[in-house]
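Down below is the structure, laid out as structure tokens.
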Amino acid sequence: MKTFCGRANPTTGSMEWIEEGEDYDYHQEIARSRYADMLHDKDRNVKYYQGIRAAVSRVKERGEKAIVLDIGTGTGLLSMMAASAGADFCYAIEVFKPMANAAVKIVEKNGFSDKIKVINKHSTEVTVGPDGDMQCRANILVTELFDTELIGEGALPSYEHAHKYLVQEGCEAVPHRATVYVQLVESRRMWSWKKLFPVHVETEDGEKILVPPSEVENCPGLPSVCDIQLNQMPPSDFSTLSDVVTMFSVDFSKPVQSASTCYRVQLEPVKSGKAQIVLSWWDIDMDPSGMINCTMAPYWVKPTSALQWRDHWMQCVYFLPREEPVLKGEKLYLTACRDEYSVWYNLQRAREGEKEADEEEHEAGVGVESPVCRCRAHLLWNRPRFGELNDQNRTRQYIKSLRKVLKTDSVCLCISDGSLLPVLAHYLGAKQVKCMQPSRIDFYHHHELWQAFFKANHLEDKIKIIEARPELLTPSHLEDKKISVLVGEPFFTTSLLPWHNLYFWYARTAVSTHLASNVTVLPQSAALHMVIVEFQDLWRIRSPCGSCEGFDVQTMDDMIKDSLNFRESKEAEPHPLWEYPCKSLSDPREVLTFDFTKTVPQHCLSTEGSVKLLRKGKSHGAVLWMEYHLTADISVSTGLMQLSNEKGNCEWNPHCKQAVYFFSSVIESEIQSDPTAVTYAINFDTKTGEIAMDFKL
């Protein structure tokens, strides 16, 4: 059986469906999974083991046999913990077939085959009875079905079904309960991931202000959570307006309801400000007493306790539908609504004489509709893109470079998705401005959004949107004029890796017959840069585990390695490195250049060389990013913004994902007279727009 996979084609700027072998999907799932991260999560594993031991003991003390149901067993780790804690039998449910097969091998290797039965089904399909998958209902329910939002992986429907059909009434549950916490904050940085701020441009006619259309300004956005490593958000980037409060909790030992509901708590701001953001996280109590607790609380909430790094559970950023000015000490109600898979928030002022909300009284009584984006911007741009468009320093660089290249008779064509450049070019004096939004995804939405932008700024007749792909551009689109200035950020919604935005070069090549002989191209060129790094924690997602809490999980390591070797070993993967601290072990190096003043060559662009490791540390991998040279002396970087030379700490562009190539083996470098070197070979295939790379330590 063949699988069709969507993949961005950097030479056309579109998503294309590629036919892959039947194993491809499975290898992708394993290679990019977070299983290694979970196995490295010492805090999670120790707490689960303690909770399971305690639950088995409580059942045994009642003189009952301990029968365990483990939903979403993965490697079988939690079932093996239960068996070694004295459980009489465990039913381990795993829906993903390759994972279930691995669990069977791991269970057998650890000597628990007589105590654990792995069932390759969704838990809602499991049957109970003499001829069923389970002989009888379980009296201990063990699960790990949680994501950063707690309920996003379908934990509630799974629990609801298990209580109805698979476990005894009054069963023990590990975890016993989950509690969701919230804190109201003001943060221009986080708010810039949802809203578009006005852009101020100094022109010869005075200051012009580019304003977003009212439909963008008033749009509630999307209900999807923004999950990030909140521990990397510096205190200077947000201001807490309330104390941390408990929003709701779920007792997993009792029947669970998955039906949509709302919860309401009363808040009193501890300081005045603009309520924009609800920060949220959860903890789980592994036992009824709450003595065994595993928390996702960020650094400022529990400053004295050591933080466990994990990437499978992070913290949540929720955007309120609109900014609300609040006063210190006033009474507010925060409402959380949820369906089976997601949560959203609303803030209201308490009305005079309204009875105080009881935090234990869950039902808020009124439903708040899930936010729906009607302005199209939130459908087209992800949160980092909003942040990028709101980055004043970045916009200044483009304004400065446009000022250098535009003349009063300039005919300007902008090729980028959802860019402010056409408006900036018009304000800065170009005679004619036309723009193309080449993304074949959501062309209609892009067109409608930009028509709304132009209308809001009275530019409908000033900037023309060309409804054609670059290769289909005709002289009539340009009113028989030649393009004197071709501009791009470049940014395209289909790009996943930094070099995918080189589609601008292919588009520039496609329109070359329409360019004036003395055309100015902005950016004039681009360069691929690279640095060798040691990650503080990100290395864990690709690092073999070997043994976990005394159980041999080598089979899982081998499985991940095989899947990486299937296709991924010569590929980099995108990560937003502002969330994942690292230090550079080498100096950054420019490895390939791309000249946009010329067309894309027929031949591949290749380079090889070596970089010296100048700092002590473990070489976990190489980070690659693009720098765009707008003019001879103005550049913008999608990667490294700053390097502190003494320690090598890296500061990364917060709006872009950088490419990370994890080395298959790690070397420890010492500072010595003859430093260790890493050799590299990098090849840009101009036919596919992809970059292949190889590193040797």
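The values are calculated or read from the model by the stated rules, or taken from the named source; none is laboratory data. Everything numeric in this text was worked out from a predicted model, so none of it was measured. Using ideal geometry, Cβ is built from the backbone for each residue, glycine included, and neighbour counts are taken over all protein chains shown. Heads up: the accessible areas ignore ligands, DNA and RNA and are worked out on the full protein's heavy atoms, side chains in. Shrake-Rupley method; radii C 1.70, N 1.55, O 1.52, S 1.80 Å.
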*Only residues in the stretch 380-398 that are in a loop (DSSP other than H, G, I, E, B) count as the first member; pair them with residues that are acidic (Asp, Glu), Cβ under 9 angstrom, at least 6 apart or cross-chain, and list the lot.*
TRP381/GLU388; TRP381/ASP417
*Residue among GLU153, GLU169, GLU215, GLU207 that is under 30 Å from PRO98 (Cβ atoms), open to solvent by 10 Å² or more (accessible area, probe 1.4 Å) and outside the structural domain of ILE52 (by the TED database)*: GLU153
_PRO212 being farther than 30 Å from ASP311 by Cβ, in a loop (DSSP other than H, G, I, E, B) and either in contact (Cβ under 8 Å) with a residue 12 or more places away in the chain or out of contact with any strand residue (DSSP E or B) (no Cβ under 8 Å at 6 or more places or on another chain) (or both)_ = yes
*With the condition kept exactly as written, say whether any residue in the stretch 383-406 is open to solvent by 20 Å² or more (accessible area, probe 1.4 Å), modelled with pLDDT under 95 and closer than 29 Å to SER635 by Cα.*
no
_Suppose the filter is of a type in the set (Lys, Arg), in contact with a strand residue (DSSP E or B) (Cβ under 9 Å, 6 or more places away or on another chain) and in contact (Cβ under 8 Å) with a residue 60 or more places away in the chain; does LYS481 pass it?_
yes
*Going by the conditions given, is SER79 under 31 Å from the mean Cα position of the chain (by Cα), polar (S, T, N, Q) and closer than 27 Å to ARG540 by Cα?*
yes
*Look through the stretch 250-283, keep the residues that are buried (at least 17 other Cβ atoms within 10 Å of the Cβ) and of a type in the set (Lys, Arg), and return whichever of them is nearest to LEU320 (Cα to Cα).*
LYS274
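Yes/no per residue for (1) outside any helix (DSSP H, G or I); (2) buried (at least 19 other Cβ atoms within 10 Å of the Cβ); (3) charged (D, E, K, R):
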position	(1), (2), (3)
VAL46	no, no, no
TYR49	no, yes, no
ALA54	no, yes, no
ASP70	yes, yes, yes
GLY74	yes, yes, no
*Please go through the stretch 96-129 and pick out each residue that is modelled with pLDDT under 95 and not in a helix (DSSP H, G or I).*
PHE96
*Answer yes or no: is there a residue in the stretch 507-519 that is touching a residue at least 24 places away in the same chain (Cβ under 8 Å), assigned to a strand (DSSP E or B), of a type in the set (D, E, K, R) and buried (at least 18 other Cβ atoms within 10 Å of the Cβ).*
no
_Could you tell me how many of the residues in the stretch 649-697 are assigned to a loop (DSSP other than H, G, I, E, B), at pLDDT 90 or above and out of contact with any Phe, Trp or Tyr (no Cβ under 6 Å at 6 or more places or on another chain)?_
8
*Which pairs do you get when a residue that is closer than 21 Å to GLN554 by Cβ, found in the stretch 108-120, comes within reach of a residue that is among the β-branched types (Val, Ile, Thr), reach meaning Cβ atoms under 7 angstrom, with the pair 6+ apart or on two chains?*
LYS109/THR555; SER113/VAL107; ILE116/VAL107; VAL118/THR73; VAL118/VAL104; VAL118/VAL107
_Selection within the stretch 279-301 - farther than 18 Å from ILE228 by Cβ, assigned to a loop (DSSP other than H, G, I, E, B) and out of contact with any helix residue (DSSP H, G or I) (no Cβ under 7 Å at 6 or more places or on another chain)_ = PRO288, SER289, GLY290, MET291
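Answer yes or no as to whether CYS316 is touching a helix residue (DSSP H, G or I) at 6+ places or on another chain (Cβ under 9 Å) and within 18 Å of LEU222 (Cβ to Cβ).
yes
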*Restricting attention to the stretch 478-507, which residues are in contact with a His (Cβ under 7 Å, 6 or more places away or on another chain) and of a type in the set (D, E, K, R)?*
LYS482
*Could you check how many residues of the stretch 430-464 are touching a Phe, Trp or Tyr at 6+ places or on another chain (Cβ under 7 Å), modelled with pLDDT of 90 or more and open to solvent by less than 20 Å² (accessible area, probe 1.4 Å)?*
1
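For residues that are part of a strand (DSSP E or B) and of a type in the set (D, E, K, R), scanning just the stretch 600-622, find the one that is surrounded by the fewest Cβ atoms within 10 Å (Cβ to Cβ).
The initial filter retains those residues of the stretch 600-622 that are part of a strand (DSSP E or B), namely 605-612, 617-622.
Still in the list and also of a type in the set (D, E, K, R): 608, 612, 618.
Working: GLU608: 11, LYS612: 14, LYS618: 14.
So the residue we want is GLU608.
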*asked:* Consider the stretch 97-117. How many of its residues are within 20 Å of SER547 (Cβ to Cβ) and either of a type in the set (Asp, Glu) or in contact with a helix residue (DSSP H, G or I) (Cβ under 7 Å, 6 or more places away or on another chain) (or both)?
replied: 11
_Would you confirm, using the coordinates I've provided, whether ILE119 is closer than 18 Å to PHE89 by Cβ and buried (at least 20 other Cβ atoms within 10 Å of the Cβ)?_
yes
*Taking GLU627 as the residue in question, decide whether it is within 30 Å of VAL405 (Cβ to Cβ), of a type in the set (Asp, Glu) and assigned to a strand (DSSP E or B).*
yes
